[in-house]
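Only one structure is covered here, and it is reproduced in the block below.
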Number of protein chains: 2
Amino acid sequence: MNYEVKDTARYHHGNLRDALIKAARVLLEADGHSGLSLRKCAEAVGVSQTAPQNHFGNKAGLLTAMAAEGYAEIADLMTKKIPDRATLAQRRERALQGYVEFAAGNPALYELMFSRNRILADDPDLLRNVGACFEVLVEVSKGLEGFFPDDPKIDAKSQMYLWSFVHGYAQLLTANRFKKEDMQGVDVLDIFPGSSNELCCLTDDR
Amino acid sequence: MNYEVKDTARYHHGNLRDALIKAARVLLEADGHSGLSLRKCAEAVGVSQTAPQNHFGNKAGLLTAMAAEGYAEIADLMTKKIPDRATLAQRRERALQGYVEFAAGNPALYELMFSRNRILADDPDLLRNVGACFEVLVEVSKGLEGFFPDDPKIDAKSQMYLWSFVHGYAQLLTANRFKKEDMQGVDVLDIFPGSSNELCCLTDDR
DNA sequence: CAAATAATATTGACGTTGTAAAGTTTCCTA
DNA sequence: TAGGAAACTTTACAACGTCAATATTATTTG
């Protein structure tokens, strides 16, 4: 028996929105973006073909809800991984591990979260959850000041640097753009220079 | 007169494959991935709806050809930007500028190039052009040894580090994930620590 | 040069999809 | 308990990817 299907044959599902998102995520990771359709989601949870429209409006609405959920989860995962009592570098390392772990565990959703036109960029839920994710990255970007000595935009640059790096690594990893012979035993922490607490200033020869 | 359309009404187009790719790129950047269809491409160049199948097999084939072209162009753009006589840091900076310039100029194609399931990962042309792009990054990753002192995998790590960073920056930029108030005047070079030739060793407190 | 064959393009059709409109059932509140 | 809102279904339609069959042109070969 499929326990994704509503347990009793009621006219109202009761929790259709969440059930559809859950089904959509399974379809997306299993069959890729072309394997995800509103009709398949509806069928998976046992409702009519057009029922999803009541909760998401259109397909972009569903994809946006999925992406918003992803941002919430990646923020949660990072937060839970951060030890209470640890150095800045240790806290940052655990957060980065959580970030990459989410991307590796939900590669298709992760790609969706950073797509340009498939999700509704102005959705309030999405914006709020993106912000929550960014807040965690802000928190663990402390201690990178050595990269930008005496820079008035030191915080913004540290945050942009950290997110750029970890996002790039996560997506190149999940998109299989790293050559396997180079990847032997190398993970995100091995190539992140900010693992150190004591960063020396860089002499800029530009 | 639309000079994308074949000039004379011949049965054989003559250069349909390239014309379709060109039309597809225009549609992709203008209307996003949902605005790109084989039928619209065919109509744009004045052939029947199913003519693209002869050159690409299916839609994934067209998307793959587009992505392959993108990798060739980004490698070309980087190469052309690199000065002949310059320091390693200068050469790297110009290459990174070219990389980000391509992504900013072709955001939808850039996203497609790093997608997981929309393009055919085993396509020989794609693999070759990805390799060519990577080779340029390998070339300009020299001089980053200070990040990984006495590491036997120093080359691989430098390359993974550089690509992770610049790809992450490029996509976060094109996906509008950076807050505008933080972006004021900050570009990829401002937040890349590797701009210096003289990198000091990092003390690792792990 | 002519015939055969490959390459290229068209027509027609089919199943799937997103979505809109209208109707039905259930829930909730006043 | 009546009435309206919310949730769901049914029906329908245009656009899409793709397949099969056919037609036209280009190229090779005898």
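Inter-copy label distances at B:GLY131, shortest first and taken from points set 7 Å along Cα to Cβ: 4.8 nm.
Rounded to the nearest 20, the Cβ-based charge dipole of chain A about its Cα centre (Lys and Arg +1, Asp and Glu -1) stands at 700 debye. Inter-label distance, A:ALA121 to B:HIS12: 4.5 nm, where each label sits 7 Å from its Cα along the C-beta direction.
Per-residue Karplus couplings for the range A:84-89, computed as 6.51 cos²θ - 1.76 cosθ + 1.60 with θ equal to phi - 60°, are listed in order as 5, 10, 6, 6, 4, 5 Hz, Gly and Pro entered as x. Taking the Cα centre of the protein assembly as shown as reference, the dipole from Cβ charges on Lys and Arg (+1) and Asp and Glu (-1) amounts to some 1380 debye. Derived scalar couplings between HN and Hα for the range A:176-182 equal 6, 8, 8, 6, 5, 5, 8 Hz in order, rounded to whole Hz, by the Karplus curve 6.51 cos²θ - 1.76 cosθ + 1.60 (θ = phi - 60°), x for Gly and Pro.
What net charge do the residues around A:GLN184 carry, taking every other residue with its C-beta under 14 Å from that of A:GLN184, with Lys and Arg at +1 and Asp and Glu at -1? After counting each charged neighbour, the total is -2.
Straight-distance candidates among the lysines for linking to B:LYS40, with alpha-carbon spacing under 27 Å and chain neighbours fewer than 8 residues away dropped: A:LYS40, A:LYS59, B:LYS6, B:LYS22, B:LYS59.
A straight line joining the Cα centroids of the range B:16-49 and the range B:172-191 runs 31 Å. Its alpha carbons give the range A:114-164 an Rg and a Dmax of 13.5, 40 Å.
Rounded to whole numbers, the Karplus 3J(HN,Hα) couplings from phi for the range A:129-142 are 6, 4, x, 5, 5, 5, 4, 5, 5, 4, 4, 8, 8, 5 Hz, using 6.51 cos²θ - 1.76 cosθ + 1.60 with θ = phi - 60°, and x at Gly and Pro. Ignoring lysines fewer than eight residues from B:LYS81 along the same chain, the ones with Cα atoms less than 18 angstrom from its Cα are B:LYS142. Measuring from the axis that maps chain A onto chain B, the chain A residue with the nearest beta carbon and its rounded distance in angstrom come out as A:GLY168, 1.
FYI, it's all coordinate maths here, none of it is from the lab. On a predicted model such as this, the values are computed, not experimentally measured, just so you know. So basically every Cβ, Gly included, is an ideal-geometry build from the backbone, and we count neighbours across all protein chains shown.
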